[in-house]
1. Go through region 134-154 and give me each residue that's part of a helix (DSSP H, G or I), under 18 Å from I166 (Cα atoms) and of a type in the set (A, V, I, L, M).
2. Find all pairs meeting these conditions: Cβ atoms under 8 angstrom apart; at least six residues apart or on different chains; first residue within region 187-210 and closer than 20 Å to E159 by Cβ and assigned to a strand (DSSP E or B); second residue small (G, A, S) and open to solvent by 10 Å² or more (accessible area, probe 1.4 Å).
3. Just one of N20, N25 is closer than 25 Å to K321 by Cβ and open to solvent by less than 60 Å² (accessible area, probe 1.4 Å); which is it?
4. Checking H216 against (1) outside any loop (DSSP other than H, G, I, E, B); (2) more than 16 Å from the ligand (Cβ to nearest atom); (3) buried (at least 21 other Cβ atoms within 10 Å of the Cβ), which single condition isn't satisfied?
5. Can you run down the residue pairs with Cβ atoms below 8 Å, 6 or more apart or on separate chains, where the first is in region 165-180 and farther than 14 Å from A153 by Cα and the partner is part of a strand (DSSP E or B) and open to solvent by 30 Å² or more (accessible area, probe 1.4 Å)?
6. For region 79-102, how many residues are closer than 19 Å to L132 by Cβ and open to solvent by 20 Å² or more (accessible area, probe 1.4 Å)?
7. Taking the residues in region 16-34 that are within 22 Å of the chain's Cα centre (by Cα) and among the aliphatic types (A, V, I, L, M) as candidates, determine which candidate is nearest to the ligand (Cβ to nearest atom).
8. Take Y350 and tell me if it is open to solvent by less than 10 Å² (accessible area, probe 1.4 Å) and in contact (Cβ under 8 Å) with a residue 24 or more places away in the chain.
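The values are calculated or read from the model by the stated rules, or taken from the named source; none is laboratory data. As the structure is a computational prediction, the values presented were derived from the model and not from experiment. Counting neighbours? That spans all protein chains shown, and the Cβs are built from the backbone with ideal geometry, glycine included. The accessibility values were calculated without ligands, DNA or RNA, using every heavy atom of the protein model including side chains. Shrake-Rupley method; radii C 1.70, N 1.55, O 1.52, S 1.80 Å.
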Amino acid sequence: MTDCIVCGSHDIEIFLDLGNMSLANKFLTEAECAESTEATYPLRVGFCATCGHVQLAEHVAPPAMFDHYLYISSMSESLKAHLHGLAATAVERLGLTETSLVVDLGSNDGTLLEGFLRAGVRTLGIEPATNLAEIAQAKGVATLTAYFGEATARTIRAEHGPAALITSTNSFPHIPALRDFLRGVDLLLADDGTMIIEAHYLRDLLEQNAFDTIYHEHVSYWALGPMTRLFREFGMEPVRVERLPIHHGQIRVTLRRIGQQTPDASVTQILAEEKTIGLDRIETYRTFADHARALRDSLLAILAEFKAQGKRVVGYGAPAKSSTLITFLQLDRSTIDYIADKSPLKQGRYSPGVHIPIVAPDRLLADQPDYALLLAWNFAEEIMGEQAEYHRRGGKFVIPVPRVRIV
Ligand SMILES: [Zn+2]
């Protein structure tokens, strides 16, 4: 078990043990299933009594997860529009020009930086996944294949000068070596520069009971309190915070060097709200864990009853979080015959760990199983709309989170 990645304290209380899990995004071919060399890692979440940061107790080495990455930003139209919107907002608010440099950390396929390029701003992407960096380069988005830290920052600064803006969207929760990362930011950022972080927000995770969004890629579950503490140590502070509805609920935090800009009311307001709802207290997380275990038990009871009645159950949607739910409930092919998913990259493969086959969604109408467990529950409305015919013929959907519902 590691020390707190924000403050170095040993005093971390594990409040939820989700079991031993394979890497959530490693969908296997039939040949890979036969090899049986798939590693599993403990998936346990803890709360630091010293600084309040919520984090995984054990880390998987980043190259095992990020050297090759299957999640591509431009595959989702809504995410693409969101990132281009962020670029337009930043150009306007910060007055970026053709002499400004924007560096995106964890730049994926370059989707965010394309937004800045359109406005004529200089850009550089930093992306550890070779396959994604290649896609970005092919689109004309200059990208360095690397993990960001002090050494990388030094090289970039020497070659390109200081950054007016450093962005990190959906990558900050992935960073285990936060101090090296922050030293890099400090080195690269211009004295009057700005950093913008977008990350899933701990408060939304708790309010949605979304325990299944916990998996090894997400080392941190950020609240503004611990983030503020960390950045202040490096001479920076949040000056504006916005809550965004995208991806289960996120925060966008704008940070600058202390003294550059008076923080606006959103910062004090969100910090105060975090205290009011108890994000800085272990009891809050014990209650959250109780809810997760109660949900697991009621869902298992329902599935056992279906099986006793001879009903057929399949899964629908194979996002990374489906691996957490399947592992936590210890489901396997005896409960779920297969999982239907729209992604051609996953069809014909097998789920990590328990190797449930992934098939195309049209299988649902061909088979007409009795129940479809919506593992991608955040897209419940969209999926039920697409599978209206299955429902009309008598098929039922089981929505597991935030509470079990059968529709
Ligand atoms: Zn801590």
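1. Of everything in region 134-154, those that are part of a helix (DSSP H, G or I), under 18 Å from I166 (Cα atoms) and of a type in the set (A, V, I, L, M) turn out to be A136, A151, A153.
2. A190/A164; G193/A164
3. Exactly one residue qualifies, and that residue is N25.
4. Just one mismatch for H216, condition (1).
5. Hits for this filter: N170/H200; P173/H200.
6. 3
7. L16
8. No.
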